[in-house]
1. Looking at Ser186, Gln68, Thr330, which one has the Cα that reaches farthest to the positive end of the dipole of the chain (charges on Cβ: Lys, Arg +1; Asp, Glu -1)?
2. For Arg301, Arg247, what's the fewest-to-most ordering of other Cβ within 10 Å of each Cβ?
3. As a footprinting exposure proxy, order Trp46, Trp356 by other Cβ within 10 Å, with the fewest listed first.
4. How big is the dipole moment of region 162-212 about its Cα centre under a simple scheme where the beta carbon of each Lys and Arg is +1, that of each Asp and Glu is -1, and everything else is neutral? Debye, nearest 20, please.
5. Taking the alpha-carbon distance from Lys252 and a cut-off under 20 Å, which lysines remain once sequence neighbours fewer than 8 residues away in the same chain are dropped?
6. Amide H to amide H under 5 Å from Val69: which residues, 5+ apart in sequence or cross-chain, H placed 1.01 Å off N in plane?
7. Counting Lys +1, Arg +1, Asp -1, Glu -1, what net charge surrounds Ala272 among other residues with beta carbon under 13 Å of its beta carbon?
8. Report, ordered by chain and residue number, the aspartates and glutamates lying within cross-link reach of Lys290, taken as a straight Cα distance under 14 Å and ignoring same-chain residues fewer than 8 apart.
Amino acid sequence: MKKLGMFVGLGLFFLLMVSGLTAHGAPTETLKIGLATPLSGPAMPWGVCLQTVLEIACDEINSKGGLQVGNKAYELKIVPYDDKYNPEVAFTAVNRLIYEDKVKFIFGPNSSAGSLAVQVATEKEKVPLFCLPFTRKYLAPSKPFSFRWVATPVEYSYLESAWMAKNRNVKSVVIVGPNSETGRESIAANRDGYQKTGIKILSEDFYEPGAPDMLPLVTRILRYNPDLIEFDGGAPGDAVNIAKTARAQGYKNLMSKLGGGGNTCLAAAPEALEGFMFHMDSDITAPTGKFGDLYNEVKRRKPQIPVDSFIGNAHSMFMMLTKAMQNAGTVENTDAVRLALERIDDFDGINGKYGWEGKDAYGINHQLKGPLYLGEGIGGKIKIGAKIR
């Protein structure tokens, strides 16, 4: 009888292992999350920061025994590819993630052109896609598996330009942006915001992303003598290049970047960007609590990369996704996960409350709604000008 009991106990133990759990709940399966983001080139700081945040989130969950979904516990793993901020490279990377790596969830690309390019595959294969492009074409009822986790100028340009008009006496602006889907869409949204505010738009100018010589562009800008140069949705490397060139040519007025990545620009060129105004998704001036822990861990892992203010959104979006998997009780049925994610509202993110918006602007509530801040560069450091939301 004792031997029989021993064999029965062993049998139950191995049965638990086969079903996906050990006696201690340790994960026995790996859930891969894809990432296609710029890990080189002018937009590299965004991509490296995003990869680091996602890896930290995975480590948090894995250290607690993995992600419990149904009767299984999964070890989470990020599978990254460098899309070089190029839509063709992004398309290749996402196809590899879907058809070779067999991932069922993907973060990135960052660019508008790249995001639109990969949707052909992600929507067809029902792979939930979490991007941060500024094009309004990215979200639509016909693209139910696409989500955006950063606010765009559609959500905040009027609020932030109105603050600058009132508090910095801005009456005129020249908007410059990359000659890309990102630039065209972002300029359109910022144009609406500045026009509603009553700030006169003197010119809208485009440049080729990554162009080494910005002097011809700056020469055109300075002819208008604007109160403000708006850098729009361009990559940090390009914005810094333009800012340095403008200061070298004698421009002394304000600069702003309502297209994101402003704190990354400030860290790269604090003297050129004195008084610089920019949109922020998190208050990274004095990070505290769990958000402070995340900020410090990103700094520790990547000390050479400025910590982008989107880290709170990226971390919270990842945790909302894992919560949706648990609510749906599956990691395989992506349609069920998508629907569960849509139902998450008033989520306690790492730096505030999160939910969904976008129905009026895009026809679908797949735009993450979270905190909004307007930052300012003073003495090379960030000061919060205003909490917009």
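Taken together, the values in this text are just the output of simple stated rules run on the coordinates, not laboratory data. Given the structure is predicted, the values throughout are model-derived calculations rather than measurements. Note that we place each Cβ from the backbone using ideal geometry, even for glycine, and neighbour counts take in every protein chain shown.
1. Gln68
2. Neighbour counts put them in this order, fewest first: Arg301, Arg247.
3. Sorted ascending by nearby Cβ count, the order is Trp356, Trp46.
4. Values: 7 positive and 6 negative charges, 96 e Å.
Using Cβ point charges on Lys, Arg, Asp and Glu, region 162-212 gives about 460 debye.
5. List returned: Lys166, Lys171, Lys200, Lys244, Lys381, Lys383.
6. HN-HN under 5 Å from Val69: Tyr74.
7. Computed value for this residue: +2.
8. The qualifying aspartates and glutamates are Glu60, Asp348.
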